[in-house]
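Enquirer: This is the structure I have questions about; it appears just below.
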Amino acid sequence: MDYLYLFIGFVILLYSGDLLVKGGVALSSHFKISTLVVGVTVVSFGTSAPELFVSLDAALHGSPDIAIGNIIGSNIANIALVLGFTAILMPLPVRSNSIKFDWPFMMGASILFYLFILNQQLEYYEGIIFVILLIVFMVWTIWKSRKESRNLSAEFESAKYSIIIAVLLIVAASVGLYFGANLLVDSAKNIALEFGVSERVVALTLVAFGTSVPELATSAVAAYKKEMDISIGNIIGSNIFNILGVLGVTSILKNIFISQPIISFDILIMLGVSFLLFLLILPLHKGKLHRWKGFLLLSVYLIYIYLVFTK
C-alpha cells in the first residue's frame, strides 16, 4: 500500500502545484500585477511548491535526510534527467543570458549551500541569507525581462477566474500540497524501512524523481513546441528556487541537520553536474545542447542512481 500512497501523494502534489499557479495568476491579474512579476514569482513558486512542502514536512517531522535529499536529488534530476531527456527529444539552443547570469547565479547558490552545510547543519540565519538572495534574483530577473520586452505569461492569459474562485483555488492547492507532502513523506519512510535502506536513498531517488516531474513535463512540452530556451531557463530557475527558496524557508522554520554522506558525496555530485552543464552549453560547443550531450547527461544520472544504492 505504501507504493500506492506514494503515487497518490505525487499526483496530489502535481495537481495542487498546477492549481496554485492558476489561482495565483488569476488573483494577480485582478490586482493588475505585471505579468513579468507573475511569471518570475507565482509560476516559479508553483513549480517548486511540491519540493517546498515535502522538505517542510520532512524537516518538521524529524526526517532531515528527506528534507535535504529531496532538494539535492531534485536538482541533480533536473539537469541530468530532465535536460538530458529533453535534449534527446530536441537539441536545445542556449541564450547568452543563461550562460552569463542564470548559470553563474545557480552555481553560486550551490557553492554557498555546500559551504553552509560543512558544519552538518543548515541554520535559520543561513536560511535568511538564502531568501534575501532569492529576492535579489527575482528582482534582477524581472528587470532583465522588462529590458528585453519579453512576455513571460502568454500561456496564462486564458486562465481568468473571479477573485473568489482564484482564492478557492489557492486554498484548495495549499490543502492539497500539505496532505500530498505528508502522504509522500510517510510512505517514503515506510518504503525505506521495508527495503532496509536509508531515508536519504529514498529521498534522492524516488522522492526527488517524483518532485521533478513538473519540470520534466514543462521542459518536454517546451521542446515539442520549439520554445527550447524555456527548457534550460526553467531548469536553472527551478534549481535556484529549490536552494534559495525551499531550503531557505525550511531552515528558517527548523534547523536542518545534514548527514555525512550528503556532504561527502551527494552535494558534490550536484556541484559536478551543474558544472558539467556549463561545459556543455559554452559557446565553444556552439551554445547548443545536442542529442549526444543529452545522452551524456542521462548516463550520468543513471550512474549516480546506481551509486546511491550501492555506495
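Enquirer: Filter the helices (runs of 4 or more DSSP H) completely within the range 61-150 down to those with at least 3 residues that are farther than 19 Å from residue 274 by Cα and more than 17 Å from the chain's Cα centre (by Cα). Spell out how you get there, then give the answer.
Expert: Working: elements: 64-76, 84-89, 103-116, 124-148.
Where helices (runs of 4 or more DSSP H) fall fully within the range 61-150 and carry at least 3 residues being farther than 19 Å from residue 274 by Cα and more than 17 Å from the chain's Cα centre (by Cα), they are 124-148.
Enquirer: Can you find even one residue in the range 192-205 that is assigned to a loop (DSSP other than H, G, I, E, B), surrounded by 14 or more Cβ atoms within 10 Å (Cβ to Cβ), at pLDDT 90 or above and touching an Asp or Glu at 6+ places or on another chain (Cβ under 9 Å)?
Expert: yes
Enquirer: Still on this structure, please answer the following. In the range 85-143, which residues are surrounded by fewer than 19 Cβ atoms within 10 Å (Cβ to Cβ), among the polar types (S, T, N, Q) and closer than 27 Å to residue 258 by Cα?
Expert: 119, 120, 121, listed by residue number.
The values are calculated or read from the model by the stated rules, or taken from the named source; none is laboratory data. Predicted model, so just to flag it, every value in this text is computed and none were measured. Neighbour counts are summed over all protein chains in view; Cβ atoms, including those assigned to glycine, are modelled from backbone coordinates with ideal geometry.
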